[in-house]
Each structure stands twice: as C-alpha cells, then as structure tokens.
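Novice: Before I ask anything, let me first share the structure, which is written out below as structure tokens.
The values are calculated or read from the model by the stated rules, or taken from the named source; none is laboratory data. Nothing here was measured: the structure is a model prediction, and the numbers come from that model. When we count neighbours, we look across all protein chains shown, and the Cβ atoms used for this are built from the backbone with ideal geometry, even at glycine. Ligands, DNA and RNA are stripped out before the accessible areas are found, and what is left, the full protein with its side chains, is counted by its heavy atoms. Shrake-Rupley method; radii C 1.70, N 1.55, O 1.52, S 1.80 Å.
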Amino acid sequence: MKRAFYLLSSLMLVFTTSCVDSLEEYNVDAKRATVVPGVTLVTTAERAIARTVTSTNVNLNPFRFYVQYWTETTYTDETNYDIQTRQINNAFWNALYLNSLGNLNEARRVITSEATADKVKANQLACVEILSVYTWKTLVDTYGNVPYTEALDFTKPQPAYDDAKTIYASLFTRLDAALASLDPTAAGLGSADVIYRGDIAKWRKFGNSLKLRMALTIADDDVAKARTAAVQAAPGVFTSNADNAEFAFLSSVPNTNPLYEDLVNSGRQDFVGASPFIDVLNTLQDPRRSYYFKEAAPGRFIGGVYGALNDYDDFSAPGAALEDPTLPGVLLSYSEVEFLLAESVERGFAVGGTAASHYNAAVTASILHAGGTQAAAATYLARPTVAYATATGTYKQKIGVQKWIALYDQPVVAWTEWRRLDSPSLVKPANALSDIPKRFTYPTPELNQNGANAKSAGSAIGGDVVTTKIFWDKF
C-alpha cells in the first residue's frame, strides 16, 4: 500500500509539473501588477510631498512651532527645539529623499521607457522635473549642502554632498528646461495628477511661480540672478487662488489631510495657538482668526505660552476648518506669489505693478482662501496698522508680518520666509535648547553611514548646528 502511494505521488508530480516550463512559474501572483505605469509613481510622490510639507506630526514637521503659530499642551520638546530625541531631522530627510524624490526618479525612468506620444511624454517628464525641483529646494533650504549629483544611486551608498548654492544654480537650469518643454496643446499626467488633473497650462504657472519663489529666496545673496529669474517668471505666475498648487486629500484614512489625523483621528489634544501669533491677529482684528483657531471663550481668541505647558481647554485650539479630512495640502499659493511680486517691486525688479497693489492682492487672496470676503479684506487693508502706506517698518517687515499670517497653511515655507525676511521678530522660549533653528542638522543615520561626507559638508557650511544659516540667509 505504501509503495502504491509513493508511485501515485510521483505520477502526480510528473503530471502537475509537465504543464510549466520551470518551478518559477509557481511563484507568479496573477493579481499583482508586473508593470507599474510611470504616472502612478507621480501620484505617490505628490502625496508624499504634500503630506510632508503640511503635516502636524511632531516626529516630522515641527515648523508650525518654529514660526510660533502653535505651541504644545502635554509635551514641550519640539517647541524648545529638541530635534534629536525623536530624530525629526531624519524623518524629514527620508520623507523627501525616499518617498518623494525616490518615486519621482523611478517615475522618470519608467515614463522615459514607455511607448507614449512624444509630446505627452515630454509634458509628463516636465511635471516630474518641476516636482523634483520643488523637493530639492525644500531639502537645500532645510539642511544646506546635501547629496545631489550622487544621491539616490544604489551604486553609491556613500554619496558626496554638493554645495547648496551650486545645487540652486542647477535647479534653475532644470526648471527652465522643464518650462520650455511644456506643451499645453498635448496631454500630461491625466487623472494620476492629483494637483492639476493633467492641466499643463496650470503646471506652467506652477513652474513659473516656483521660479519666482526661488528667485526671491536668493535675492540677498545674488541680486543679479534673482532679478533675471524674477523678471522672466513674473508674466507666467499664478493669477488667482484657482491656480494654487494644492493636493486634494480624501475623506478616509490613510489618504486624509494629515492635520485631520493628528487633530481628530488621534483623539489627542496636543496643540493650541501660540500667543505671539494670536496676539498679533487680535491686535490687527484679523478676519482669519476664526479660520485659523477656535474661540477659547465666547468672542475671544487666546494664545498659549509658547514653549511651556498649556491647558488645552484654556486656549484657542486649531480651527475647525483644519479638522476637515479633505482640506487640500498647499504646496504654493497665489497669495505667496503676490507677496513675492510686492517684494520684487521693492527690490527694483521690473515685474509690473506696485508694491502696494501686490501686497493688497496677497492679503486679499489669503483672506478669501480662509473663507473671508472681499469686503472683509477691504476693511482689513484700510486699517492704518495693515495698509501698506502706513504699516510700521521697512518693506521686509511689512511684507514679512503679513506673509507670516498668510502662510499659516504652509508651515515649511513660512519658516523659510521668516529666516529670509527676518520678520516678524520672534523670541525663543526660556527653556529652549538653542536659538530658533535656522536649519536642521544632518540625521544621525547619515552621520553613521556616510560620516566622512556628512562631516565634511558640516564643516563647509560653518558647522553642523541648527544656528548655521543657509547660504541665502544673509541677515
């Protein structure tokens, strides 16, 4: 009987294997895609970028604290600039390098190899390039010198670091090439593009607006380059809130806006508005208060002590609008563009209009985006403390304060603009571990695995510490 069983088993093995060429065919998952369309990788990258720059997660994005929009209730580590304990600098680094640039690089490779019409392929690759430039700029603005020419190459596990200013020069060249290759008469990324749904005309505006942002970022370091880039970009930038580069989040986790996840889905009450910000909003009678925050008491907005423990129930929590899971994640806004144009005029760049007209447009766009009205914006701009002609300070101070208020939904950019414009005047809390950070230090894993290059980069920028300024931060 046992012999018969072995014989039958052998025959079954012969018959079951005779239908395949090799045993590898048994490992084929019929339900798993063998080819990933390149455009879907762009979707993943867009999501990663949007989540990174809009997140409230204290392990990833502490910039709402650095510009003193918010403060904490239970823990005060991040408002006192403890970056290392939670390895925040490593999380931000990985989010941009791996989740964002990693997917964009693979998307570029796959799209290049696909059998797509030439003009469509060119548009798709140009969109990938614009997103890449956006991400690289964010990395440089955060760390300074970073791996660039040798980055994301698996054959180079210890990539060299490139000079931050040299990277910027390369990014301008790459962005110009991408803009030149966009053709609005042809299709692009289609429905895989969550930001603009394949609208190439919108991508052209996004690219030019990004170029304007880059131009003003370096204006204190290289005014000639900044002037040329700003003048070139100005005719093609955003012209209304409808142009905003925004990622459309969905109503259910894991594709909701990360603010919803931290403010609602977590069940936690970790954040309240910080008094340096809310006090300014109150003084100016800013109509965006009810969008930005909840009332702490009927008709009252009250900010917590920045950097100290605060009772959640005593202060104004982040606004109800921020609890909407579908709240779009803003990468670049029309309001920001108008502030950049106002600054350009003040610097003598021939971008058209007046500083006051662009300033007014910027403030109005921000108020409308926050659910306000044209009438509310006009009333606000008529106040002597807000009107461009009578507000206190230099153009950097006037623009800096109002831009700080307007960039509430763009905390990473708000931090960059505060460093660059040196306005408003912010003071570190009493128990801070350092001055307000001007950059992130290099991540510990990077120092362990690529130590020689990372340490050399730290020395090249003046020290791998949070108080070292990025090359464009001159004052």
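Novice: Would a scan of the stretch 299-318 turn up a residue that is touching a helix residue (DSSP H, G or I) at 6+ places or on another chain (Cβ under 7 Å), closer than 17 Å to Q410 by Cβ, at pLDDT 95 or above and not small (G, A, S)?
Specialist: Among the residues of the stretch 299-318, at least one is touching a helix residue (DSSP H, G or I) at 6+ places or on another chain (Cβ under 7 Å), closer than 17 Å to Q410 by Cβ, at pLDDT 95 or above and not small (G, A, S), which makes the answer yes.
Novice: Let me ask something else about it. Could you tell me whether the stretch 74-83 includes any residue that is more than 23 Å from D262 (Cα to Cα) and either surrounded by 14 or more Cβ atoms within 10 Å (Cβ to Cβ) or modelled with pLDDT of 95 or more (or both)?
Specialist: no
Quick grid of which residues meet (1) surrounded by fewer than 21 Cβ atoms within 10 Å (Cβ to Cβ); (2) modelled with pLDDT under 95; (3) over 19 Å from G38 (Cβ atoms):
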residue	(1), (2), (3)
Q124	no, no, no
C127	no, no, no
W136	no, no, yes
G144	no, no, yes
P147	no, no, yes
Y161	no, no, yes
K165	yes, no, yes
A169	yes, no, yes
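Novice: Just checking: which of the helices (runs of 4 or more DSSP H) contained wholly in the stretch 388-475 hold 1 or more residues that are closer than 16 Å to Y161 by Cα and free of Cβ contacts under 8 Å to residues at least 12 places away in the same chain?
Specialist: In the stretch 388-475, 444-449, 451-461 are the helices (runs of 4 or more DSSP H) which contain 1 or more residues that are closer than 16 Å to Y161 by Cα and free of Cβ contacts under 8 Å to residues at least 12 places away in the same chain.
Novice: Can you work out which of the residues in the stretch 165-201 that are over 18 Å from A107 (Cα atoms) and in a loop (DSSP other than H, G, I, E, B) is nearest to the chain's Cα centre (by Cα)?
Specialist: Result: D199.
Novice: Oh, and also: Could you list, in sequence order, the residues of the stretch 52-102 that are under 27 Å from K403 (Cα atoms) and of a type in the set (K, R)?
Specialist: Answer for the stretch 52-102, where residues must be under 27 Å from K403 (Cα atoms) and of a type in the set (K, R): just R64.
Novice: Residues to consider are G348, G353; find the one that is without any contact (Cβ under 8 Å) to a residue 60 or more places away in the chain, part of a loop (DSSP other than H, G, I, E, B), open to solvent by 20 Å² or more (accessible area, probe 1.4 Å) and not polar (S, T, N, Q).
Specialist: G353
Novice: Quick check on A296: is it in contact with a Phe, Trp or Tyr (Cβ under 8 Å, 6 or more places away or on another chain), under 27 Å from R197 (Cβ atoms), surrounded by 14 or more Cβ atoms within 10 Å (Cβ to Cβ) and not polar (S, T, N, Q)?
Specialist: Spelling it out, it is not the case that A296 is in contact with a Phe, Trp or Tyr (Cβ under 8 Å, 6 or more places away or on another chain), under 27 Å from R197 (Cβ atoms), surrounded by 14 or more Cβ atoms within 10 Å (Cβ to Cβ) and not polar (S, T, N, Q).
Novice: Hey, S423 hits all of (1) over 21 Å from V237 (Cα atoms); (2) within 27 Å of the chain's Cα centre (by Cα); (3) of a type in the set (S, T, N, Q); (4) open to solvent by 40 Å² or more (accessible area, probe 1.4 Å) but one; which does it fall short on?
Specialist: Evaluating S423 over (1) over 21 Å from V237 (Cα atoms); (2) within 27 Å of the chain's Cα centre (by Cα); (3) of a type in the set (S, T, N, Q); (4) open to solvent by 40 Å² or more (accessible area, probe 1.4 Å) leaves (4) as the failure.
Novice: Please tell me if A362 is assigned to a helix (DSSP H, G or I), open to solvent by less than 40 Å² (accessible area, probe 1.4 Å) and of a type in the set (A, V, I, L, M).
Specialist: Values: assigned to a helix (DSSP H, G or I): yes; open to solvent by less than 40 Å² (accessible area, probe 1.4 Å): yes; of a type in the set (A, V, I, L, M): yes.
Judged against the criteria, A362 is a match.
Novice: Tally the residues that are open to solvent by 60 Å² or more (accessible area, probe 1.4 Å) and not in a helix (DSSP H, G or I), restricting the search to the stretch 300-325.
Specialist: Looking only at that region, the number is 5.
Novice: Take the conditions surrounded by fewer than 23 Cβ atoms within 10 Å (Cβ to Cβ), touching a strand residue (DSSP E or B) at 6+ places or on another chain (Cβ under 9 Å), closer than 15 Å to L331 by Cα and at pLDDT 95 or above and apply them to R51. Does it pass?
Specialist: Criteria not met by R51.
Novice: State whether the residues of the stretch 105-122 include one that is crowded, with 19+ Cβ neighbours inside 10 Å, in contact (Cβ under 8 Å) with a residue 12 or more places away in the chain and either hydroxyl-bearing (S, T, Y) or within 22 Å of D473 (Cβ to Cβ) (or both).
Specialist: So far as the stretch 105-122 goes, no, none of its residues is crowded, with 19+ Cβ neighbours inside 10 Å, in contact (Cβ under 8 Å) with a residue 12 or more places away in the chain and either hydroxyl-bearing (S, T, Y) or within 22 Å of D473 (Cβ to Cβ) (or both).
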